[in-house]
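To start, the structure under review is shown below, and the notes come after it.
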Amino acid sequence: MKKTMLALAVLSVATAAHAENGVLPMAGKPEDVGLSSAQLKRLEEVTQKHVDSGLVPGAVMLVARRGKIAWVSTLGKRDVAAGDAMKPDAIFRIYSMTKPIVSVAAMQMVEEGRLQVSDPVSKFLPGIGKMKVGTEKVVDGRTVLQLGDPERAMTVQDLLRHTSGLTYGTRGTALVNQSYIDAKIGDRAMSNEEFVAKLSTLALKFSPGTRWEYGVSTDVLGRLVEVVDGKKLGEALSARIFEPLGMVDTGFQVPADKLSRAAQPGPRPSGQPMTARFAVNDGAKYESGGGGLTSTMDDYLRFSAMLANGGVLSGKRVLGTQTLAFMTADHTGNRPGRPPGLGFGLGFEVRTMTGEAALPGSVGEYGWAGNAGTLFWVDPKEQLFAIYMVQVSDPDRIALRNQFRTMVQAAIID
């Protein structure tokens, strides 16, 4: 409890300093905004057990409601090997929580009249328009790919909602998946331009628009942002989102003077290997729009608060309210590929039913997660958003963030 109070004090000071600029103030206590202190304490105790067992090296957790930060907890180690305690300003690999940020940048360009979600991707990235659909066939006892034209062109909307026909090499054993691995798609030594050029020589897994499948769609979108904006992706995101929101610690590389704040994975219990994570200062050419950003709790709080506030923060509008409503509507409909009760919008998972989904929540809530276990979601109905920052292993991340999500939902008492 002492650790939590210290973390709360640190973040309270930071939040108080930001309050003049319109960033969220602290609630006096969780009950002031309709949340249970006892339930949040239970969540902290469960997380502390994960820290003690070695399952979670360290964590920074936050819940906000009705325009105020209701609860924050900082536990464990920033770097187990170094013995450094976790701090509220730790810098995390947020992996796929990069996707909503890049999606917002793309939709800003829609607002500017520079593109439409109905535009074919080939309008900006001609090589993508040459991709064929690969269908597996058995020929002379051997499985091969037969190539055919897609039923329609891939659109910007397909990239935003993951109905593009693109995939991740590691998310399946099909020949198309294997071709991604063989081509080293996602290699950090490639530039975004080189990545798209290499990807364009491969086959689509399915015809665009026919199903939902998670993959490198937002990485391609990141390159599209570069082409339209005439800047590297990091520069575009900085000008469009990071600077207006005051996200001073978010980027594709952690500078030398901030390396001591980088959260690191640690050994798992029973000597099981920890999932390898990219070095945050490796100088990679690749600025992955799908998973390359590093960020802090305070920075992602600013991004989340902007979303929760209808696209504006500190008097600076980042996105129009109607654009945000469009992004957070379900764009998958009855297409196969999504879990029951959970659709997908333009950059966000979107809840479509209270039941059916295996997690509690409200219809209309939206958010996404990262491969190292990070998670955020915004619940407009409950005027709530929550953020979970950890660096854990692949086999553990889904159960941990689902536990966090479920326990936060249980804290709502009015």
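One Cα centroid belongs to region 112-147, the other to region 219-265; the line between them spans 28 Å.
One quarter of the surface of the convex hull around the alpha-carbon atoms of region 103-229 equals 7.6 nm², the direction-averaged projected area. Which of Gly209, Gly370, Gly83 moves the most in a Gaussian network model of the chain with Cα springs under 10 Å? Looking only at Gly209, Gly370, Gly83, the biggest GNM fluctuation is shown by Gly83. The Cα atoms of region 293-393 define a convex hull whose projected area, averaged across directions, is 7.1 nm². When only alpha carbons are used to place a centre, region 271-302 and region 323-383 end up 23 Å from one another. Just add up the charged neighbours of Asn371: K/R +1, D/E -1, any other residue whose Cβ is under 10 Å from the Cβ of Asn371. So the surrounding residues net to +2.
For region 88-194, averaging the sequence separation of C-alpha pairs within contact (under 8 Å, six or more residues apart) and dividing by the residue count gives a relative contact order of 18 percent.
Give me the compactness ratio for region 255-315, meaning the Cα radius of gyration over 2.2 N^0.38 Å.
On the way: Rg = 15.9 Å, N = 61, 2.2 N^0.38 = 10.5 Å.
Against the compact-globule rule of thumb, the ratio is 1.51.
Gain on full extension, evaluated as 0.36 nm per residue between Glu151 and Thr201 minus their Cα-Cα distance, stands at 16.2 nm.
Determine the dipole magnitude for the chain: charges of +1 sit on the beta-carbon of Lys and Arg, -1 on that of Asp and Glu, nothing else is charged, the reference point is the Cα centre, and the result goes in debye to the nearest 20.
My answer is approximately 360 debye.
Near Gln403, once Lys and Arg are set to +1 and Asp and Glu to -1 for all other residues with Cβ below 13 Å from its Cβ, the sum equals +2. Once the Cα atoms are used to define both axes, helix 217-229 deviates from the longest principal axis of the chain by about 90 degrees.
Here the Kirkwood formula, the inverse mean of 1/r across different C-alpha pairs, assigns the chain a hydrodynamic radius of 21.8 Å. Extension gain, Phe278 to Lys132: 0.36 nm times the residue separation minus the Cα-Cα distance gives 49.4 nm.
By a straight-distance test (C-alpha under 20 Å), which aspartates and glutamates pair with Lys87 as possible cross-link partners, with residues fewer than eight away in the same chain excluded? Straight-distance partners of Lys87: Glu44, Glu45, Asp52, Asp79, Asp249, Asp257, Asp298, Asp299. Working from label points 7 Å from Cα in the Cα-to-Cβ sense, the Ser260 to Ala239 distance is 3.4 nm.
The angle separating the long axis of helix 37-53 from the principal Cα axis of greatest extent in the chain is about 70 degrees. Within the listed set Thr250, Thr163, Thr210, the Gaussian network model of the chain (springs between alpha-carbon atoms below 10 Å) gives the highest mean-square fluctuation for Thr210. When the charge dipole of region 103-229 is built from unit charges on Cβ atoms (+1 for Lys and Arg, -1 for Asp and Glu) and taken about the Cα centre, the candidate among Ser103, Leu115, Met190 whose Cα reaches farthest toward its positive end is Met190. For the chain, find the longest principal axis of its Cα atoms and tell me its angle to the long axis of helix 98-111, 0 to 90°, nearest 10. The helix 98-111 is inclined about 70 degrees to the chain.
For the options Gly28, Gly343, Gly76, a Gaussian network treatment of the chain with springs between C-alpha atoms closer than 10 Å singles out Gly28 as fluctuating the most.
With the cut-off at under 11 Å, measuring from each backbone N in region 399-413 to a point 7 Å along the Cα-to-Cβ line of Arg42 picks out 407-412. Distance cut-off 27 Å, Cα to Cα: go down the list Lys49/Lys381; Lys198/Lys258; Lys123/Lys205; Lys198/Lys231; Lys41/Lys258; Lys316/Lys381 and report the pairs above it. Violating the 27 Å Cα-Cα cut-off are Lys49/Lys381; Lys198/Lys258; Lys41/Lys258.
If the segment from Ile413 to Asp52 were pulled out straight at 0.36 nm per residue, it would be longer than the present Cα-Cα gap by 127.0 nm. The distance between label points at Arg211 and Gln322 comes to 3.6 nm (points 7 Å beyond Cα on the Cα→Cβ vector).
Relative to the Cα centre, the charge distribution of region 103-229, modelled as +1 at Lys and Arg Cβ and -1 at Asp and Glu Cβ, gives a dipole magnitude of about 340 debye. The Cβ shell under 15 Å around Glu151 holds other residues with a net charge of +3, Lys and Arg each +1, Asp and Glu each -1.
No lab work stands behind these numbers, since they all come straight from the coordinates. All figures in this text were calculated on a predicted structure; none of them were measured in a lab. Because the Cβ atoms are built from the backbone with ideal geometry, glycine has one as well, and the counts that use them run over all protein chains shown.
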